[in-house]
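The structure appears right after this line, and notes come after that.
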Amino acid sequence: MTEAPVIQLRKLAKTYQTGEVEVKALREVTLEIQRGDFVAVMGASGSGKSTLMNTLGCLDPSSSGEYFLDGTAVAGLDRKQLATLRNRKIGFVFQSFNLLARTTAIENVELPMLYTLPVISRRERRERACVALEKVGLSNRREHHPSQLSGGQQQRVAIARALVNRPELILADEPTGNLDSRTSIEIMGLFQELNAAGITLVMVTHELDIAAYCKRIIFMRDGLIIRDTRNTHQHSASQELITLNLDDSVKPT
């Protein structure tokens, strides 16, 4: 039996009413994303990519069409059921990190588990948060507050938080938008490692050089998918970091 896609959309549409004007943000989008894929979603402002991500994240219901998340039909679920599905199946990573300033890294990572049913014990929450921080290379920064961390380290904490409930899918919205070039490559390298471990990732980006690290690139315009291509020349972040380090080592001091 063929495994069901993690994401399956069938003629999904989303229409907003702005005064007397109807805005068709999504126009009967049909899309499948298989388990283990790594997809970049690109498009100009108003193309529908943010609406698509909000729909995939079960944050905004569609106007019509069907959405199956890991085989579960999303339409018709009530608010509580949507929250449970979202918490179990999806991890979110945002451009602005969204960390609590007065809370340590490990406490920030623990937050999603506070809303998980059945209840996770305090000891298990701490253990799982430690494992998640170790995966992103921050086990030695777990007691630091966000103000004591660099932008790249803060994004790693956000990724650990997205991982802690062991999701099937990570949705990332411009995750490198606030980072410098080297740190962006490091974050894409971490995403590639997570993807190699079997996690499905969908990422919105406006940067072609960042999309180049993904396996598949989807372009949107006017609420439609206008191009959906496999990236036959996927960049290796780890190799590029090695090259950057070698270049730095030969620079005159």
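The values are calculated or read from the model by the stated rules, or taken from the named source; none is laboratory data. Treat the numbers as computed from the prediction; the structure is a model and nothing was measured. Quick reminder, even Gly has a Cβ in these numbers, built from the backbone with ideal geometry, and neighbours come from all protein chains shown.
Observations on the model:
- When the stretch 63-90 is limited to residues that are β-branched (Val, Ile, Thr) and not in a loop (DSSP other than H, G, I, E, B), the one that is surrounded by the fewest Cβ atoms within 10 Å (Cβ to Cβ) turns out to be Thr72.
- If you go through the stretch 91-106 and pick out every residue that is on the phi > 0 side of the Ramachandran plot and not hydrophobic (A, V, I, L, M, F, W, C), you end up with 1.
- Per this entry, Gly48 is counted among residues that are in contact (Cβ under 8 Å) with a residue 60 or more places away in the chain, under 27 Å from Gln192 (Cβ atoms) and either surrounded by 14 or more Cβ atoms within 10 Å (Cβ to Cβ) or in contact with a strand residue (DSSP E or B) (Cβ under 6 Å, 6 or more places away or on another chain) (or both).
- The set of residues in the stretch 173-217 that are at negative phi, in a loop (DSSP other than H, G, I, E, B) and in contact with a strand residue (DSSP E or B) (Cβ under 7 Å, 6 or more places away or on another chain) comprises Pro175, Ile199, Thr205, His206, Cys214, Lys215.
To keep it simple, each residue is scored yes or no on (1) surrounded by fewer than 14 Cβ atoms within 10 Å (Cβ to Cβ); (2) in contact (Cβ under 8 Å) with a residue 24 or more places away in the chain; (3) not in a helix (DSSP H, G or I).
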residue	(1), (2), (3)
Thr103	no, yes, yes
Asn108	no, yes, no
Glu124	yes, no, no
Glu134	yes, no, no
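- Single residue of the stretch 110-122 satisfying the filter (part of a loop (DSSP other than H, G, I, E, B), loosely packed, with under 13 Cβ neighbours inside 10 Å and not small (Gly, Ala, Ser)) that is modelled with the highest pLDDT: Val119
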